[in-house]
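Step one of this worksheet: look at the structure below.
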Amino acid sequence: MNIPFYFYSSVFLYVISVILYKKKSSFLSNGFFYILLLICFILYLFYGVANYFTGRGIDDSVIFHLKYGLQGAGFSAYTTLIIKVIIIIILTSILLAVVLGQKKHAISRLIPSNRLPFIFIITALVLNPATINMFDLTVNEAKANRIIRHSTLFGEDSINKSEFAKYYRKPYLKKVSKKNKNLVLIYGEGLERTYFDETVFPELIQGLRQLEAKSTYFTNIKEVAGTGWTIGGMVASQCGLPLFTPSHGNSMSGMDSFLASAVCLGDLLHEEGYELVYYGGADLAFAGKGLFYGTHKFDEICGRQELLPRIADQSYRSGWGLYDDSLLDLAFKRFMELSAVKKKFGLFLLTLDTHHPEGDPSQSCKRRIYRDGSNPILNAVSCSDYLLTKFVSKIMESPYADNTVVVIVSDHLSLRNTASDLLNRMARRNLFMILESGTNEARKIEKLGSTLDIGTTILPFIGYEGTIGLGRNLLGLDETMADIKYIQDHLTSWKTYISEFWNFPKIHDFIAIDIDQKKLTIDDRVFKIPILVEFDADLQTNMKFEFDITKKDRKLINYVRDVTDDKGFIFVDYCDYAALLDKNVGHNGYCMVIGRGQNYTKALELYGKLKITAEDIRKLAAF
């Protein structure tokens, strides 16, 4: 596991502070010290769990999933981790109680005052890797916001926006062939190209290497900001955009659409008459995959709940969902059905077996292990290599091969797993290969690219030319390389403009609330409650939602307390939370509070349906 050196310094200071602290009669002094110990310990845990998944500590992917929610995540796959965390909490609590409760030894008696332990614990808190990670994320966010504020102050905002508009190309398709081929696009979960390195992973990738020898393949696909997790990789490869959510920190789980203003590969192919199908073994709700594909014109969207009834043994599943052998068998059957109809189609798949940290290989790979089998994720990668090769080979040997293009990509670089120490020795790159029937020679492309360029690069293979957002055709002219490098370097500075693709509504006529349906409507847009709707004087909104409405510890009320004086708000949540703003309200059902900044109106208990006009909203918010 990749642990920074300052983690050990922090832990050392933490332990020393506990040993040296002399319990005082002052309740405030003792309480403050214990609170610092608790905060520091919680941050260690937060960092440790985040690093378990990412191998990079607390990064954008962690923040995204905290914002979006974890509904549909395969928690059963992490039972061991959960048990370990619980044991650590219990043992550490006991140890701290024992050490702090003991009579101090000679070393502590040599300290003339209790200041030194406070200095140590505060320094430990500053050096805590969670503190440092979150500080770095905050600084990066602040830099982006400062650029925006500076631009606005000096009249440069339009110039910066024009720069983004210059590099963002309005998505379009143009036929360049009389015959447009079908597309099968496979996202391999964390199946990065780095696994192909024979010097580090000899004979790990065998089948895919044989397919690569007959493909157009790309060796320099970097991971850029906003693309480092599954839904981020999907959005980047299909929309030519990194996945940035608005900086107010909402969960997006209550939105009625996913990047509604973006035009993505699905939208373009739908207009060309393609039938679009997505199959993935995991829950569609997790990270909003189902909402993404539904927003962007997919006709058939199937995840764990939809696919599980189609397999013979429904108990044959992992903590995340269907095993890949089940998924790919169902996908090949669907491929044959779609091909037989002779209508253009796109079949998009997401595998699961190589999910970090250890993978979970299908039973059909039971006898297939890598080397001595001691590294579990490499066993899973070997299995995925076998299953994907088998699946693609069946397509290429089918009667429909001549009319089909198969694309294999990694959704993102592998998150922290049992091979991370080996992977991190190399320049890590994403997998991207394109296979066509009748091609017997490899075409190696070493140009710099990223997941953003995948959608645009695919288009000529299925008979089109065009562009998708910030993506560029990696088979295009060399001049495009300057564009690609510039785009990769400036993504975070364009975050505000990219976030506009979420298309938050403006209140033109009314807001309506339906408690029975648990929904809030703004004109013709429908959102889930609980919800916090912030708006400015022009009634342009921003949305915040509960991370997970089944977990009451994630309180939307905390965001209400952060609303600034230049913003109005409508807060709809359980009355228990509204009562924190108005003590006179009851504690049953749902309540609504309208206000501006920290000025709240009386909370209103909600029953049935309620409708408020835009003019009344202005008055209630004192605009």
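The values are calculated or read from the model by the stated rules, or taken from the named source; none is laboratory data. Please read these numbers as outputs of a predicted model, since none were measured by experiment. For neighbour counting, all protein chains shown are included, and Cβ atoms are generated from backbone atoms with ideal geometry for every residue, glycine included. Ligands, DNA and RNA are excluded from the accessible area calculation, which covers all protein heavy atoms including side chains. Shrake-Rupley method; radii C 1.70, N 1.55, O 1.52, S 1.80 Å.
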Practice task
Please report, to two decimal places, log10 I(q)/I(0) for the stretch 332-392 at q = 0.30 Å⁻¹ as given by the Debye formula with identical point scatterers on the Cα atoms and no solvent.
Solution key: -1.24
Handout entry: At most 10 other Cβ within 10 Å, DSSP loop - GluC sites (Glu not before Pro), the stretch 299-380
Key = none
Exercise for the section: With 10 Å bins from zero, work out the P(r) of the stretch 368-407 over every alpha carbon pair and list the percent per bin. Expected result: 29, 35, 22, 13, 1
Fill in the blank from the handout: Lys and Arg at +1, Asp and Glu at -1: neighbours of residue 517 with Cβ under 15 Å from its Cβ sum to +3
Completion exercise
On the formula 1/(1 + (r/R0)^6), with r taken between the Cβ atoms of residue 587 and residue 115 and R0 of 51 Å, the FRET efficiency rounded to 0.05 is 0.65
Practice task
Treat each spin label as a single point 7 Å out from the Cα along the C-beta direction, and report the residue 371 to residue 523 distance in nm.
Solution key: 6.0 nm
Exercise for the section: Work out the FRET efficiency for residue 442 and residue 465 from their Cβ-Cβ distance, taking R0 = 35 Å, and round it to the nearest 0.05. Expected result: 0.90
Exercise for the section: Can you tell me the order of 83-92, 371-380, 403-412, 167-176 when each peptide is scored by its average per-residue count of other Cβ atoms within 10 angstrom, highest first? Expected result: 403-412, 371-380, 167-176, 83-92
Practice task
Report the local net charge at residue 609: Lys and Arg +1, Asp and Glu -1, summed over other residues whose C-beta lies under 11 Å from its C-beta.
Solution key: 0
Problem - Ratio Rg/Rh, restricted to the chain and using Cα atoms, in which Rh is the Kirkwood radius - result: 1.00
Exercise for the section: Kindly rank 598-605, 216-223 from highest to lowest mean number of other beta carbons found within 10 Å of each residue. Expected result: 216-223, 598-605
Handout entry: Average accessible surface area per residue within the chain, 1.4 Å rolling probe, Å²
Key = 45 Å²
Practice task
Just flag the GluC sites (Glu not before Pro) in the stretch 434-514 sitting in loop per DSSP whose Cβ has no more than 10 other Cβ atoms within 10 Å.
Solution key: 441, 446, 479
Handout entry: Computed lengthening from residue 516 to residue 6, 0.36 nm per intervening residue step minus Cα-Cα distance
Key = 178.4 nm
Handout entry: Gyration tensor (alpha-carbon) shape descriptor, the stretch 189-316, a/c threshold 1.5
Key = prolate
Handout entry: Dipole of the chain, positive direction: furthest Cα of 588, 173, 341, with charges on the beta-carbon
Key = 588
